[in-house]
Amino acid sequence: MKFYDPEELLGALVVDSAGLVYGVVGGYRLAPEGVVLEAYVSLGVDADALRRALRERGVEPGGEGVEALVLAARRLGLEVPRVGGREVRVLKGLVRPGEISLIDVRVLENPSTGAEERIGVVLLGSQREAEFRGLRFSGGPVVDEGVVGKLCVSASNGVLGYVYGFVVGAGESGLRACRRRGRVELNWASFLSEARRLAGEDAYYRLVGFRDPLKSPRLSGAEVEEARRLLSEMGLLERLSPLLESHSKRTGPAECADVPLRDVLAAREVVLVK
């Protein structure tokens, strides 16, 4: 078992066993059972009004955060008052060591930007967020194209990365999750040559103004993402996306894991696998 300094976990996602995000680690405190993590969330709940409503019903609210207030209100059938027009960052609840089934912190490649980011996950052994939302789940997980782009966490091996797509093997299918897929390199000169024909002269010269293909025949890493953003601003990304992909390749080592669909435990806000 690996141990973490609580400071390392600040900003980590707290995920329940149903694959729902309970909150974000925003602090910690010492208790008789050891280090207790504080989970925060931005909620539109009017905590003060909810406390008053509970006291009117003879219930003295606990001091462990808004979660205790909401659950107490639900048990009494009270409506949860909301803050109009804004969300506030509140302590949602405390996470004790005995509730945690896994902690992992990894550096991942963001699939949208290509930039590296530090992702921490505190995985709970219960459906705590599902209970908070008043949800009940039955049956196996529904795995469809909606899982692509979501964070994938293994209950035994920690953070696997982001789901990039589906894979097939002998007799079964699976998901491919990657911590990094390697550096993207775009043949900018050849892309522009074809984009000129498809998008017209005005678009071509605007793209040349971004990066002159004579000086920069190839783009890589962050430059590729800048080019994508420019195409999006120009309203051309969807139209030219296939062309962009056909002139791109990935270089450098990739870190990916393939997971059989039978090993998927939950596929909601986070994909959980065995």
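Here are some notes:
- Exposure check, 1.4 Å probe, all protein chains in place: S138 carries approximately 110 Å² of accessible surface.
- Computed over the chain: relative contact order in percent, which uses C-alpha pairs under 8 Å that are six or more apart: 20 percent
- Heavy-atom accessible area for L151, with the other protein chains in place and a 1.4 Å probe, reaches approximately 10 Å².
- Theoretical FRET efficiency, 1/(1+(r/R0)^6), r = Cβ-Cβ of D48 and R96, R0 35 Å, to 0.05: 0.85
- Using a cutoff of 8 angstrom between alpha carbon atoms and counting only pairs six or more residues apart, the relative contact order for region 89-165 works out to 27 percent.
- A straight chain from E201 to F166 at 0.36 nm per residue would run longer than the Cα-Cα distance by 8.8 nm.
- Fraction of accessible area attributable to carbon and sulfur, region 183-266 (%, probe 1.4 Å): 49 percent
- Rounded to 0.05, the FRET efficiency of the S246 and R75 pair, given R0 = 51 Å and the Cβ-Cβ distance, is 0.35.
- Between 0 and 90 degrees, the angle of helix 222-233 with respect to the longest Cα principal axis of the chain falls at about 90 degrees.
- Here Cα Rg over 2.2 N^0.38 Å was calculated from the structure, and among (i) 1.14; (ii) 1.26; (iii) 1.37 it sits at label (ii).
- The residue list M234, S248, S216 was ranked by how far each Cα lies along the charge dipole of the chain toward its positive end, using unit charges on Cβ atoms, and M234 comes out on top.
- Spacing of the modelled spin labels on A31 and E255, each 7 Å from Cα toward Cβ, amounts to 3.2 nm.
- Less than 5 angstrom separates the built amide H of V159 from those of S154, all sequence-distant by 5 or more or on a different chain.
- Length gained when the stretch R133-E56 is fully extended (0.36 nm per residue, less Cα-Cα span): 25.4 nm
- In region 174-247, the trypsin sites (Lys or Arg not before Pro) that fall in loop regions by DSSP, at most 10 other Cβ within 10 Å: K215
- Largest GNM mean-square fluctuation among A199, A53, A12, using the chain with Cα springs under 10 Å: A199.
- Cα centroid separation - region 92-143 against region 149-208, whole Å: 24 Å
- A probe of 1.4 angstrom, applied to the heavy atoms of all protein chains, finds E129 with accessible area near 10 square angstrom.
- The chain - mean residue ellipticity at 222 nm from DSSP helices (-39,500 (n - 2.57) per run, n ≥ 4, rounded to 500): -7500 deg cm²/dmol
- Percent carbon-and-sulfur accessible area, region 6-141, ignoring ligands, DNA and RNA, probe 1.4 Å: 48 percent
- Coordinate range along principal axes, alpha carbons of region 34-157, Å, largest first: 51, 37, 33
- Across region 138-151, coupling constants 3J(HN,Hα) worked out from phi with the 6.51/-1.76/1.60 Karplus curve, θ = phi - 60°, read 9, x, x, x, 9, 10, 9, 5, x, 7, 5, x, 8, 5 Hz, and Gly and Pro carry x.
- Helix axis angle, 47-56 relative to the chain longest principal axis, alpha carbon, degrees: 20 degrees
- Among S126, S17, S193, the residue with the largest mean-square fluctuation in a Gaussian network model of the chain, with springs joining Cα atoms closer than 10 Å, is S193.
- Using distinct alpha-carbon pairs, which all enter the 1/r mean, Kirkwood radius of region 187-274 in Å: 15.2 Å
- Scanning residues 5 or more positions from Q127 or on other chains, those with amide H under 5 Å from its amide H are S17, with H placed 1.01 Å from N in the peptide plane.
- Based on protein heavy atoms only, region 183-251 ends up with 58 Å² per residue of surface accessible to a 1.4 Å probe.
The values are calculated or read from the model by the stated rules, or taken from the named source; none is laboratory data. All figures in this text were calculated on a predicted structure; none of them were measured in a lab. Cβ: placed from backbone, ideal geometry, glycine included. Neighbour counts: every protein chain shown. With ligands, DNA and RNA removed, areas are computed over all heavy atoms of the protein, side chains included. Shrake-Rupley method; radii C 1.70, N 1.55, O 1.52, S 1.80 Å.
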